[in-house]
């Protein structure tokens, strides 16, 4: 407080931020490990029902426009400012072939953006990537016992299915557990320039 007992606007903002942080709902993290349960984001990627583990997710953002980068491939949606860092945003449905029978309008939809940790480990390491989803259905807690490994000798695929090694059965429906770390490694190895 200043001498007159009145808070400056900056002090009021700091106080408001502190109150919001204390009262806010925090995302679940890896503290549930060892309990046989984990949290995941249910979403649609390339027309495929997927789950992305919360250990990779930093934040989900409502659909928003990003800044396009001239000369890049159509699967590079652009960049956005995320908490002071320039984060690349990828359109997985433009990078990977859509499966047969999937509505082609999914490739142009401006769905929600999921900000992901580039590396495993520290939640605040500052290296992020983001993917634009077709649709997001929310977060759910899953039991490890509901996770089933897929057959090792299944046919090779070109789409996002190549990054699915496990499937989750939940509420009478099958969800594909997306190996987002491998997918981001794959994306980082592709030339982002327009060919």
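The values are calculated or read from the model by the stated rules, or taken from the named source; none is laboratory data. Quantities reported herein were computed from a predicted structural model and do not represent experimental measurements. Here Cβ is always computed from backbone atoms with ideal geometry, including for glycine, and neighbour counts include all displayed protein chains.
Quick notes on this one:
- Evaluating residue 2 against the criteria (1) farther than 21 Å from residue 175 by Cα; (2) modelled with pLDDT of 85 or more leaves one unmet condition, (2).
- Residue 30 surrounded by 10 or more Cβ atoms within 10 Å (Cβ to Cβ), at pLDDT below 80 and over 24 Å from residue 141 (Cα atoms): no
- Scanning segment 113-127 for residues that are at pLDDT below 90 and not in a loop (DSSP other than H, G, I, E, B) yields one hit, 117.
- Conditions (1) buried (at least 16 other Cβ atoms within 10 Å of the Cβ); (2) under 11 Å from the mean Cα position of the chain (by Cα); (3) over 16 Å from residue 160 (Cβ atoms): number failed by residue 41: (3)
- Restricting attention to segment 139-163, the residues that are at pLDDT 90 or above and either assigned to a loop (DSSP other than H, G, I, E, B) or touching a helix residue (DSSP H, G or I) at 6+ places or on another chain (Cβ under 9 Å) (or both) add up to 1.
- Leading residue by the ranking (modelled with the highest pLDDT) among those in segment 164-179 that are outside any strand (DSSP E or B) and exposed (fewer than 14 other Cβ atoms within 10 Å of the Cβ): 172
- For segment 180-195, the tally of residues that are surrounded by 13 or more Cβ atoms within 10 Å (Cβ to Cβ) and in contact (Cβ under 8 Å) with a residue 60 or more places away in the chain stands at 6.
- Pairs are defined by a Cβ separation below 7 Å, a sequence spacing of at least 6 or placement on different chains, a first member in segment 85-103 that is part of a helix (DSSP H, G or I), and a second member that is surrounded by 13 or more Cβ atoms within 10 Å (Cβ to Cβ) and at pLDDT below 75; the pairs so defined are 93/106; 93/107; 94/107.
- When residues in segment 34-69 are screened for being farther than 17 Å from residue 145 by Cα and either free of Cβ contacts under 8 Å to residues at least 24 places away in the same chain or out of contact with any helix residue (DSSP H, G or I) (no Cβ under 9 Å at 6 or more places or on another chain) (or both), 16 of them pass.
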